[in-house]
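Computed from the coordinates by the stated procedures, all read-outs in this text should not be read as laboratory data. Worth saying up front: this structure is predicted, and the values here are computed from it rather than measured. In this analysis, Cβ positions are derived from the backbone assuming ideal geometry, glycine residues included, and neighbour counts consider all displayed protein chains.
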Amino acid sequence: MEKKSTVLRRLFLSTFTLSAFTFGGGYVIVTLMKKKFVDELRWIDEEEMLDLTAIAQSAPGAIAVNGAIVVGYKLAGLPGALVASIATILPPFLIISLISVFYSAFRENAWISALLSGMQAGVGAVIASVVFQMGLGVVKEKDPLSDLILAGAFIAAVVFNVNVVLVILACGAIGVIRTKWAHRPAAHMGAHMAKRRENR
Amino acid sequence: MTILALFLSFIQIGLFSFGGGYAALPLIQSQVVDLHGWLTMEEFSDLITISQMTPGPIAINSATFVGIKIAGIPGAVVATLGCVLPACILVTVIAKLYLKYRNMAMLQGVLHALRPAVVALIASAGISVMVSALWGEGAVSLSGADWKMAVIFLICLVPLLKTRVNPVWVMAGAGVCNLLAGVISGSLPLPF
């Protein structure tokens, strides 16, 4: 592989460009990272990239940033992770800074205001369709506990205004308990099921 | 003090948003709108709209936007750093553990239980956005609702659920619909 400073420079330029021109969220950017670093530069092999993507998606936070961190870390250790994450954050940071300068002035304009208000209903519809598609995925699992979590978390958040962090912690705890239960020494069935899930 | 509050808020947003994409919405709303009142629900909806039309993750966009509004450029830098700090630490830790043990059964078990919860929380954020679209900052009542918004919402659902159209176009269409409705009903002044 090339000299470390060359790698860092290429890493910065690649992740910066990807971040600046990728619309459509984290999943898209991770796919483009694979194209760049696996297919084009051949710095990472295909299988390893799959692992890195899995890590980026399992960790909390934005997938685009997580993807940049794992790829940077893999290629050049901590300096790489730092360079790649800064390069990924920089474009949205600059764009939004610029927009916020104009935002309040534009919002006063009756036409812009009508446009943004209409778009608010559009955003509501986008979120509704995302929820519908994700919810369908959960229901199709035919796992009663998942359905219960879906209903319980919804009621907790909407009806009882329970803090979002508490809901996430509680459901994470349910996940820990269930995984421990499935992997308990006597659970042949449970272990079998878990193995099947892993193989998927 | 505000800078510290921004930093701590966005650390929580970065730490607890599992699943990417819209998963951060309920957390941002809870911290930024409900808890600290840094943005109104309308500004938050605008922020989601802007995020859809610009590159970059919504959590980073929110951190920059809220940071600048509350404490200028230093605020934006601090909020954005807070937002990515948990990921920087956790991603490297998970990567180390993963490369060592090659077994993520526990992590996968936790994520599996979190997925339905995240869907429910995104739904709850979506409801807040719609309440704001229909009633603005006013009280929720049948007569006070802006039913034009409900119609635009329903029209938008059709292409979103039936086709693979890019959501940005649907949102832009929704904005134009409302603009035209304003011009036709005469509530919007013509610029010429």
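Quick rundown of the values:
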| item | result |
| --- | --- |
| Value of Rg to Rh for the protein assembly as shown (Rh from inverse mean 1/r over Cα pairs, i.e. Kirkwood) | 0.98 |
| Cα convex hull volume per residue for the stretch B:83-169 (Å³) | 178 Å³ |
| Helical segments meeting 15 Å axial Cα length and Kyte-Doolittle 0.5 threshold in chain A (DSSP H) | A:4-21, A:63-107, A:110-140, A:144-158, A:164-182 |
| Long-range HN-HN contacts of A:V162 with modeled amide H, under 5 Å | A:A157 |
| Calculated Rg and Dmax of the stretch A:4-107 using C-alpha coordinates, Å | 14.4, 50 |
| Least to most buried among B:F18, B:F7 (fewest other Cβ within 10 Å first) | B:F7, B:F18 |
| Relative contact order (percent, whole number), chain B, Cα cutoff 8 Å, 6+ residue spacing | 22 percent |
| DSSP H segments from chain B that extend 30 Å or more along their own axis, Cα-based, with Kyte-Doolittle mean of -1.0 or above | B:58-101, B:105-135 |
| The stretch B:2-137 pair-distance distribution - Cα-Cα, 5 Å bins, rounded % | 2, 10, 18, 21, 19, 13, 9, 5, 2, 1, 0 |
| Averaged over A:100-106, number of beta-carbon atoms from partner chains that fall within 10 Å | 3 |
| Size of electric dipole in the stretch A:4-107: Cβ of Lys, Arg +1 and of Asp, Glu -1, about Cα centre, debye, nearest 20 | 420 debye |
| Cβ-defined net charge surrounding A:S117, 15 Å radius [Lys, Arg +1; Asp, Glu -1] | -4 |
| Per-residue mean of C-beta atoms belonging to partner chains within 10 Å, peptide A:161-170 | 6 |
| Residue order, fewest to most beta carbons within 10 Å, for B:C156, B:C88 | B:C88, B:C156 |
| Net charge over other residues, Cβ less than 14 angstrom from the Cβ of B:I155 (K, R count +1; D, E count -1) | +2 |
| Neighbour-count order for B:W38, A:W181, fewest beta carbons within 10 angstrom listed first | A:W181, B:W38 |
| The stretch B:146-192: C-alpha gyration tensor shape, a/c 1.5 cut-off, then a/b vs b/c | oblate |
| The stretch B:69-122 and the stretch B:6-42: distance between their alpha carbon centers, rounded to Å | 13 Å |
| Diffusion constant of chain A at 25 °C, which comes from Stokes-Einstein with the Kirkwood Cα-pair radius and 0.890 mPa s, µm²/s | 119 µm²/s |
| Cα centroid of the stretch B:138-175 to Cα centroid of the stretch A:109-170, whole Å | 15 Å |
| Relative packing of peptides B:26-37, A:26-37 - highest average C-beta neighbours within 10 Å first | B:26-37, A:26-37 |
| Mean separation of Cα contacts under 8 Å, 6 or more apart, over the residue count of chain A: relative contact order % | 14 percent |
| Value of [θ]222 nm, deg cm²/dmol, for chain A, DSSP H segments ≥ 4, -39500 (n - 2.57) each, nearest 500 | -28000 deg cm²/dmol |
